[in-house]
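These notes concern the structure reproduced below.
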There are 2 protein chains.
Amino acid sequence: MTAELITGIGELTTNDAPRSGESTRLPGAALVIENGRVAWIGSASRAPDADSRTDVGGRAVLPGWVDTHTHLVFAGDRSAEFESRMAGHAYQAGGIGTTVTATREASEHELVANAKRLAAEALRQGTTFLETKTGYGLDLESETRSARAASSVADVVTFLGAHIVPSGIDRDEYLRLVTGPMLQAVAPLVDFIDVFCETGAFDAEESRAVLLAGRAAGLGLRVHGNQLGHGDGVRLAVELGASSVDHCNHLAAADIDALASSTTVATLLPACDLSTREPLAPARALLDAGAHIALATNCNPGTSYTTSMQYCVATAVLQMRLTVTEAVWAATRGAARSVARDDGVDSVGSLRVGAIADLQVLDAPSVSHLAYRPGVPLTSAVWRHGTRVTAVPSAF
Amino acid sequence: MTAELITGIGELTTNDAPRSGESTRLPGAALVIENGRVAWIGSASRAPDADSRTDVGGRAVLPGWVDTHTHLVFAGDRSAEFESRMAGHAYQAGGIGTTVTATREASEHELVANAKRLAAEALRQGTTFLETKTGYGLDLESETRSARAASSVADVVTFLGAHIVPSGIDRDEYLRLVTGPMLQAVAPLVDFIDVFCETGAFDAEESRAVLLAGRAAGLGLRVHGNQLGHGDGVRLAVELGASSVDHCNHLAAADIDALASSTTVATLLPACDLSTREPLAPARALLDAGAHIALATNCNPGTSYTTSMQYCVATAVLQMRLTVTEAVWAATRGAARSVARDDGVDSVGSLRVGAIADLQVLDAPSVSHLAYRPGVPLTSAVWRHGTRVTAVPSAF
């Protein structure tokens with residue numbers, strides 16, 4: 001295997017610390033990639049020989065983004081609904097149901113092609129690790145098809161049969177399906193089970209039943225919770241030791257305390273918050289209490305149709321009062337923790353010897369520019385699994 | 001001269017209406033460019049023959065961004081100051097003075113190179129028309145040098161000698177310099193005069209003196225006002241018939257009424273508002289009252305270091321309650337109005353027969369995606385003065 005030396009690094013963010021901290025941004029460092037892994041990190045003046053050498057000209061290097069909350073398997077478009085909502089008109093479209101109808105009608109090939117388009121768009125912007133979910137099929141065949149499609153584009157797949165109760169089926173019957181035959185069908189294809197624990201979706205007891213069935217089938221646990229109001233999602237996630245509880249817009253002090261005393265990561269979705277005009281999640285309070293947080297896009301066609309982790313990081317700094325270092329950590333190693341990939345042999349989200357060599361180069365000397373220069377596309381090169389990604393050219 | 005037909009347009013935003021309106025977004029249109037101008041617009045099914053033909057594959061086409069508030073002529077970096085401010089530390093750096101020191105020390109060649117780098121970055125993101133300012137020189141020689149540098153990159157140049165009173169000179173003496181010898185030196189190089197009418201910069205009477213001197217020298221008038229508090233900037237701008245008053249974060253009802261009854265454009269700078277944590281300007285109230293607004297980046301190294309008009313448009317929709325159509329208008333034809341280029345022989349910001357052929361293609365079927373997909377770089381091709389722009393490749 002050949003070794004590649006990355007040198008000329010203006011600032012190297014390693015995330016090599018137990019928690020987010022300033023000390024993980026190093027000047028004057030170099031890095032060697034070998035066998036798809038980080039093989040060496042140290043001072044550029046002591047860099048070893050390598051088969052090839054890339055000088056990044058003083059630019060900042062950091063781990064690739066780890067986006068652990070996306071819904072890339074869908075068909076259709078909801079831009080008209082979005083535009084109407086932004087213009088202040090009452091929310092009256094079919095919402096999730098609109099996408100379910102379109103997704104059921106699409107072929108598996110179409111679902112894969114659409115998801116791959118979005119994954120490629122994310123990769124160009126520095127996202128080297130993706131979680132994605134089912135949840136727009138909501139019948140046995142469509143969820144299974146969605147799980148296969150998800151597996152073809154994402155590093156981690158989550159089963160979200162319990163997104164909503166679809167129309168045309170009795171509530172209890174649907175819960176039996178989700179926790180029974182549907183779960184059995186998708187379990188070999190997925191890593192986590194998830195439930196939308198919210199008024200209008202599933203209540204606490206229903207959510208518990210879904211999660212326990214998933215655990216019995218060998219899956220990790222995730223929860224959509226506390227998005228639209230003070231609900232039971234966070235409490236339930238902590239009680240069951242879920243890997244992540246996502247959204248967290250409406251948290252009582254007891255929710256924050258519970259998260260701070262738990263191993264559950266609070267995955268915050270600022271682009272979704274802005275696109276739905278929910279209050280931004282209390283990121284500062286969570287960190288100050290000692291909770292673990294992640295930042296993710298929630299890429300989906302209804303409430304957050306973005307693949308831009310940079311936008312999430314900039315929003316977290318400008319509007320949620322995270323420091324730049326904290327926001328970058330939450331979008332890389334913090335997110336990796338929410339899928340149990342922050343440490344060990346397949347770790348992502350940090351640049352340490354032995355970690356997977358997923359990294360990005362910014363057209364800037366420091367990660368501070370991610371928030372200092374909001375909206376400017378800064379990712380100028382990406383390595384995934386040790387190989388430099390070739391950008392997909394424009395289609396015309 | 002050869003004619004180029006642009007066809008396959010999913011949605012064409014023409015801005016061909018007296019004010020922002022839904023009617024200016026057309027399906028199924030085509031456009032012909034000839035001699036650097038828009039030569040024909042109509043239904044694709046009736047498009048004339050042309051020497052060449054570009055099919056944009058169902059993508060949206062709209063005017064290039066018109067960014068009428070930037071400060072591109074500077075040297076140095078203030079990312080550490082930014083990061084410290086975001087971390088909640090008290091603002092204690094030298095602010096504008098830091099940049100003045102660095103700008104005076106830089107060579108004209110360095111100033112031009114830095115401004116050109118930013119103008120090229122903006123152009124790649126769809127900005128085809130730029131205003132930029134002096135204001136970091138603040139002595140006769142440095143302001144003159146800055147005005148020359150600005151002329152080499154921008155379509156419209158503004159003299160902002162009255163940015164602050166620099167250290168080392170008496171206040172009255174500096175005002176005599178700005179309204180006298182400095183103004184005489186820069187007047188042949190610039191189009192507008194501007195003043196920072198704000199507590200800590202210049203008061204209403206000083207600002208009036210600066211603006212009247214500029215008018216006597218044949219310059220148009222712009223004002224920085226009402227950024228940090230309720231001040232006299234808006235009142236003064238309206239009274240003197242200024243083309244634009246910029247910032248407008250703190251407006252009393254009387255200020256909004258005054259703007260609504262005037263020809264002065266309120267130029268709003270949402271990226272700056274977020275980067276300084278000032279309240280977002282009351283865009284919705286201004287439009288509802290009947291005022292003219294523009295959106296601009298305020299690109300500068302201290303308080304808004306972005307070239308992304310797309311970020312400003314998305315923020316205006318998501319957080320300032322503009323419709324997508326209103327925000328796009330404000331960032332194109334609304335902005336053109338603030339530099340008196342919205343109508344007539346050299347008009348920009350609209351796509352009408354005879355207008356300058358400055359246009360961009362989005363990697364999306366509609367301008368709605370500019371806010372529906374925040375942070376995703378959507379501009380995929382740009383024509384400036386009728387010629388397709390070739391993207392500058394990455395530097396390594």
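Just want the answer: with Cβ charges of +1 for Lys and Arg and -1 for Asp and Glu, which residue in B:Thr70, B:Gln125, B:Ser107 is farthest toward the dipole's positive end in segment B:54-125?
Value computed over the given set: B:Gln125.
So for chain B, averaging the separation of alpha carbon pairs under 8 Å that are six or more residues apart and normalising by length, what relative contact order in percent results?
Reported as a whole number, the value is 19 percent.
Between A:Gly42 and the same site in the other copies, what are the distances in nm, shortest first, taking label points 7 Å from Cα along the C-beta direction?
Here A:Gly42 shows inter-copy label distances of 7.3 nm.
Which shape class applies to segment B:158-242: rounded if a/c is under 1.5, otherwise prolate when a/b exceeds b/c and oblate if not, where a ≥ b ≥ c are the square roots of the Cα gyration tensor eigenvalues?
oblate
Compute the semi-axes of the equivalent ellipsoid of segment A:218-329, taking the square root of 5 times each eigenvalue of the Cα gyration tensor, and list them largest first in whole Å.
After diagonalising the Cα gyration tensor, the semi-axes are 20, 16, 13 Å.
Give the calculated FRET efficiency between B:Arg171 and B:Glu239 to the nearest 0.05, with a Förster radius of 25 Å applied to their Cβ-Cβ distance.
After rounding, the FRET efficiency stands at 0.60.
How would segment B:19-123 be classified by its alpha-carbon gyration tensor: rounded, prolate or oblate, with rounded meaning a/c under 1.5 and the a/b versus b/c comparison settling the rest?
prolate
Could you grab the relative contact order for segment A:1-140? Cα pairs under 8 Å, six or more apart, rounded to a whole percent.
For segment A:1-140, the relative contact order is 25 percent.
Put a point 7 Å out from Cα along the line to Cβ at A:Pro279; what are the distances to that point in the other copies, in nm, shortest first?
Shortest to longest, the spacings are 1.9 nm.
For peptide A:116-125, what's the mean number of Cβ atoms from other chains within 10 Å of each residue's Cβ?
1
Compute the distance from the alpha-carbon center of segment A:19-88 to that of segment A:306-359, in whole Å.
8 Å
Across segment B:308-390, what fraction of all alpha-carbon pairs, as a whole percent, falls in each successive 5 Å bin from zero upward?
It works out to 3, 15, 22, 24, 20, 12, 3, 0, in whole percents.
Using the 10 angstrom Cβ neighbour count as an exposure proxy, how do A:Glu83, A:Glu239 rank, fewest first?
A:Glu239, A:Glu83
Counting just the Cα atoms, what span does segment B:1-81 cover along each of its three principal axes? Round to the nearest Å and put the largest first.
Sorted from largest, the Cα extents of segment B:1-81 read 56, 32, 24 Å.
Find, among the residues of chain A, the one whose Cβ sits nearest the axis of the rotation taking A to B; state the distance in whole Å.
A:Pro377, 2
Are there any helices in chain B, counted as whole DSSP H runs, that stretch 20 Å or more along their axis by Cα and score at least -0.5 on average by Kyte-Doolittle, and if so which?
Once both thresholds are applied, what remains is B:108-124.
Work out the P(r) tail for the protein assembly as shown: percent of alpha carbon pairs separated by more than 44 Å, whole number.
Roughly 28 percent, once rounded to a whole number.
Give me a single rounded figure for A:78-85: the average over its residues of other chain Cβ atoms within 10 Å of their Cβ.
The mean count of partner-chain Cβ atoms within 10 Å per residue comes to 4.
How large is the charge dipole for chain B, taken about the Cα centre, if only the Cβ atoms of Lys, Arg (+1) and Asp, Glu (-1) carry charge, to the nearest 20 debye?
Roughly 800 debye, rounded to the nearest 20.
Hey, if you drop one equal point scatterer on each alpha-carbon of segment B:122-277 and run the Debye formula without solvent, what base-10 log of I(q)/I(0) do you get at q = 0.09, 0.15 Å⁻¹?
Log-scaled intensity ratios, in q order: -0.27, -0.77.
At B:Ala113, label 7 Å along Cα→Cβ: distances to the other copies, nm, ascending?
Those separations, rounded to one decimal, come out as 4.7 nm.
With charges only on Cβ, +1 for K and R and -1 for D and E, what is the dipole size of segment B:208-344 about its Cα centre, in debye, rounded to 20?
Here the size comes out at about 200 debye.
Two decimals is fine: what is log10 I(q)/I(0) at q = 0.20, 0.31, 0.36 Å⁻¹ for segment B:52-91, from a Debye sum with one equal scatterer on every Cα and no solvent?
Relative scattering, expressed as log10 I(q)/I(0), comes to -0.80, -1.04, -1.12.
Viscosity 1.002 mPa s, temperature 20 °C: Stokes-Einstein D of chain A from its Kirkwood Cα radius, in µm² per second?
D, rounded to a whole number, is 101 µm²/s.
Which order do B:Val361, A:Val353 fall in if you start with the one that has the fewest other Cβ atoms within 10 Å?
Arranged by neighbour count, lowest to highest, B:Val361, A:Val353 become A:Val353, B:Val361.
Nearest 5 is fine: what % of DSSP beta bridges in the protein assembly as shown come out antiparallel, could you say?
The antiparallel proportion sits near 40 percent.
Can you tell me the relative contact order of segment A:95-161? Whole percent, Cα pairs under 8 Å, sequence separation 6 or more.
37 percent
Every number here is computed from the coordinates shown, using simple stated rules; none is lab data. Computed from a prediction, not measured in an experiment: that's the story for all the values here. Note that we place each Cβ from the backbone using ideal geometry, even for glycine, and neighbour counts take in every protein chain shown.
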